[in-house]
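Reviewing the structure listed below.
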Amino acid sequence: MKGIVVFDTSHGNTKIIAETISETLKESGIAVDTFYVKDVKKLSAKDYAFLVLGSPTKFGTMSLTVKGFLGKVKSKEWANKPFAAFDTELRTNIERRESSAGEKIAEKLKENQMNQLLPVLKAAVLGWKGPLQEGEIERAREYARELAVKLKKGQ
């Protein structure tokens, strides 16, 4: 089984979460390719068993680059494949339960008939540019471990 983790980042916080998820999946015995969203030239569902996609939250939604990437996730090719979504956002937005990039990503992937394995991971940043709130890297590790268990059960 091999998956792909794709992320956008503005100030490096979402990249840290993406790399943490990738590393933890690899430690769990799952092969993963990790890409900054602008580096994904061609995407084929034949190459990957699952997708993990993340974006910083800006104005309640995902980045324009991630929105464009979602156009490459053709619904017929990716139908029934598992996915997980994550984002980074201000702690105050999370506390107020405001709309987020991860939720928008999950909605779009579910519209493409993909299977969401876990709730969206929302990693809190303390300011517009960060840093990540203390404990968020460990939360991302726990999330990835739980994701690995679910992916292995689906084998």
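The values are calculated or read from the model by the stated rules, or taken from the named source; none is laboratory data. The shown structure was predicted, so the numbers you read here are calculated from the model rather than taken from an experiment. No Cβ is skipped: glycine too gets one built from the backbone with ideal geometry, and neighbour counts run over all protein chains shown.
Structural remarks
- Taking the listed residues Lys129, Lys122, Lys76, the one that is under 26 Å from Lys152 (Cα atoms) and over 16 Å from the mean Cα position of the chain (by Cα) is Lys76, with no other qualifying.
- Qualifying residues in the range 91-105 (those that are charged (D, E, K, R) and assigned to a loop (DSSP other than H, G, I, E, B)) - the one nearest to Ser55 (Cα to Cα): Glu98
- Count of the range 1-46 residues, restricted to those that are more than 20 Å from Ile105 (Cβ to Cβ), touching a strand residue (DSSP E or B) at 6+ places or on another chain (Cβ under 7 Å) and part of a helix (DSSP H, G or I), is 1.
Listed here are the residues, each with its yes/no results for (1) assigned to a strand (DSSP E or B); (2) more than 23 Å from Ile30 (Cβ to Cβ); (3) in contact with a Pro (Cβ under 6 Å, 6 or more places away or on another chain); (4) modelled with pLDDT under 95.
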| residue | (1), (2), (3), (4) |
| --- | --- |
| Leu51 | yes, no, no, no |
| Glu89 | yes, yes, no, no |
| Glu107 | no, yes, no, no |
| Leu118 | no, no, no, no |
| Ala124 | yes, yes, no, no |
| Tyr143 | no, no, no, no |
| Val149 | no, no, no, no |
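- The residue pairs whose first member lies in the range 9-21 and is surrounded by fewer than 19 Cβ atoms within 10 Å (Cβ to Cβ), whose second member is in a loop (DSSP other than H, G, I, E, B) and among the polar types (S, T, N, Q), and whose beta carbons are closer than 7 Å, counting only pairs six or more residues apart or on different chains, are Lys15/Thr9.
- Filtering the range 53-85 to residues that are crowded, with 22+ Cβ neighbours inside 10 Å and either part of a loop (DSSP other than H, G, I, E, B) or of a type in the set (D, E, K, R) (or both) leaves Thr57, Met62.
- Of note, Ser55 does not satisfy the criterion of being in contact with an Asp or Glu (Cβ under 7 Å, 6 or more places away or on another chain), farther than 20 Å from Ser22 by Cα and modelled with pLDDT of 95 or more.
- Of all residues in the range 53-62, none satisfies being more than 18 Å from Gly130 (Cβ to Cβ) and free of Cβ contacts under 8 Å to residues at least 40 places away in the same chain.
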